[in-house]
Amino acid sequence: MIPLERLELSQDRLPDRWYNVAPDLPRAQDEMLDPATGEQASDDYLERLLPSALVAQDRSIERWIAIPEKVRDAYRAWRPTPLMRARALENYLDTPAEIYFKYEGGSPSGSHKLNSALAQAYFAKNQGIRRLVTDTGAGQWGSALALAGALAGIEVGVYMVRASYHQKPYRRHLMESFGARVEPSPGTGTEFGRKLLEQDPGHPGNEGTAVSEALEVVRADPDSRFSMGAFANHVLLHQTVVGLEAREQLDELCREPDYLIASVGCGSNMGGFALPWVPDKLSGAVNTQIIAAEPAACATLTKGTYRYDYPDAGGTGPMVRTYTLGHDFSPPPIHAGGLRYHGAAPLIGLLRHEGVLDAVAYQQVEVFEAARIAARLTGLLPAPETAHAIRAVFDVARRCREERRKATIVFCWSGRGDLDLGAYGRFNAGELRDVESFAEERAELARGLAS
């Protein structure tokens, strides 16, 4: 047995500000567009959808934004998080490279998502907003916002992708235990949901449908605002506590990463982890390769096009320029539900378009195989989303072996998989396939309903 080596930071070294990459980008971001006019979205338009402080953060060009002390106090429940060296994984891969990971699975909600959820709930409460409404795929983000809402004293409504609503009942139960109201998407409570179910009563839903329903509810209630688990600049901003801590920890080890690897659905994980290195990469101070790992079934960065598109299936949200598979794209069923989204965060899309980060895509079975190996070697069960990053680490480490290169590989272990055991059970039984049909997903959905 080769134990993990942990490097901890003391709580007095918890970051007191978030890093905003906007002033350091290779070019300015394209403006969001009002879908009704095609013109630049105004602050008034955006503030009807989001808390005003978050709109200001989305458009800020200040490099550093102070973390409110109440948010830092909440972070102290589990932050700073450890950086771990996985020597057993190095030995298994027979690589001269050193492999480290930033472990975000120790948060109370089980993933990195709580970093932004606490901030969003804080700013909403300060503005006097009664309720936050959101979408969630596998439930990591919904669980985080439900907990943050309970701590802040604010109502939370969650539209959960219908397939996950039944396939992952324990995440739903967790959200409900924290006090959130959880609805399946598509559902009968919104006009958009009813329309989809009329067209297809067995519609399994996706992140895009859930966003459309959440936006519809927000527009109908002046006391509600939309909350995002990824995509927007402010979400990636809040997540930079991950990368800022990791930089300090690597500095203590006198290590500079040759590779930074993270899974990508929309980009909160990748952004928070890698953005603090972007200025040095652009200036040539470091030669770090940033690698985004995504599912082949929803390969936004490797197969999508860089253009303006809507963030939701109904085409009602502000248009943004990024890599997209099309807002009407319905991704095939995979168990990494948090990665089933048609578009990348605009910041991630820009960095990909400008050649700052690379992307790779993997099939579901090879991802779960990598996850099982990592779990047996570390004692930690990764979320299926995290497993995409682990699979990319395998490829990079083996390439280092072939090249006899003693590189430093660092990846983000974004969440734990305790509530994904149904998917692991299917994989262990040999029942999981790379791309399953919607008929198979509906059959699983029916089994969930029956139980």
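Among TRP78, ALA28, LEU46, which residue has its Cα furthest toward the positive end of the charge dipole of the stretch 26-87, with +1 on Lys/Arg Cβ and -1 on Asp/Glu Cβ?
TRP78
Among all helices in the chain defined by DSSP H, which have a length of 15 Å or more along the axis from Cα atoms plus a Kyte-Doolittle mean of at least 0.5?
Those that clear 15 Å and a mean of 0.5 are 140-152.
Quick one: longest stretch of the chain between exposed loop trypsin sites (Lys or Arg not before Pro), exposed meaning at most 16 other C-beta atoms within 10 Å and loop per DSSP?
256-403
Among THR95, ALA124, GLY304, whose Cα sits farthest toward the positive end of the charge dipole of the chain (+1 at Cβ of Lys/Arg, -1 at Cβ of Asp/Glu, about the Cα centre)?
Farthest along the dipole direction, towards plus: THR95.
Looking at the stretch 297-420 from every direction and averaging, what is the projected area of its Cα convex hull in nm²?
8.8 nm²
Once Lys and Arg get +1 and Asp and Glu get -1 on their Cβ, which of THR316, GLY272, THR288 lies farthest toward the positive end of the dipole of the stretch 250-382?
So the residue furthest toward the plus end is THR316.
Do you know the relative contact order of the chain, to the nearest whole percent, from alpha carbon pairs under 8 angstrom that are 6+ apart?
20 percent
What percent do you get for the relative contact order of the stretch 68-183 when only Cα pairs under 8 Å and 6+ apart count? Please list the in-between numbers first.
Values: 166 pairs, mean separation 22.9, N = 116.
The normalised contact order for the stretch 68-183 reaches 20 percent.
Taking the Cα centre of the stretch 294-378 as origin and charging only Cβ (+1 Lys, Arg; -1 Asp, Glu), how large is the dipole, in debye to the nearest 20? Kindly include the intermediate steps, with their values, before the conclusion.
Details: 7 positive and 8 negative charges, 19 e Å.
Dipole magnitude for the stretch 294-378 comes out near 100 debye.
What lysines does LYS168 reach when the alpha-carbon gap must be under 19 Å and sequence neighbours fewer than 8 apart in one chain are set aside?
Of all the lysines, those that pass the test against LYS168 - Cα under 19 Å, at least 8 places apart if same chain - are LYS113.
Just to compare against my own numbers: the Cα pair-distance distribution for the stretch 64-203, 5 Å bins, whole % per bin, please.
Going from the shortest bin to the longest, the percentages are 2, 10, 16, 16, 15, 12, 10, 8, 6, 4, 2, 0.
About its Cα centre, how strong a charge dipole does the stretch 1-145 have in debye, to the nearest 20, once Lys and Arg get +1 and Asp and Glu get -1 at the Cβ?
Dipole about the Cα centre, nearest 20: 620 debye.
To the nearest 20 debye, what is the magnitude of the charge dipole of the chain about its Cα centre, counting +1 on the Cβ of each Lys and Arg and -1 on the Cβ of each Asp and Glu?
860 debye
Please report the orientation-averaged projected area of the stretch 243-329, defined via the convex hull of its C-alpha atoms, in nm².
Across all orientations, the stretch 243-329 yields a mean hull projection of 6.7 nm².
So what is the calculated 222 nm ellipticity per residue for the chain, using -39500 (n - 2.57) for each DSSP H run with n of 4 or more, over all residues, to the nearest 500 deg cm²/dmol?
The helix contribution divided over the chain gives -13000 deg cm²/dmol.
Quick one: Debye curve from the C-alpha atoms of the chain, no solvent, what's log10 I(q)/I(0) at q = 0.08 Å⁻¹?
-0.40
If the chain between ASP221 and ARG307 were fully stretched, how many nm would it gain, using 0.36 nm times the residue separation less the Cα-Cα distance?
Details: separation 86, 0.36 × 86 = 30.96 nm, distance 3.13 nm.
Difference between extended and current length: 27.8 nm.
Could you work out the mean projected area of the convex hull around the alpha carbons of the stretch 127-188, in square nanometres to one decimal?
Spelled out: convex hull of the Cα atoms, projected over all directions, averaged, 3.9 nm².
Rule-based calculations on the coordinates, nothing more; no lab input. Just so we're clear, the structure is a prediction, and the values are computed from it rather than from any experiment. Positions of Cβ are generated from backbone atoms using ideal geometry, with glycine treated the same way; all protein chains shown enter the neighbour counts.
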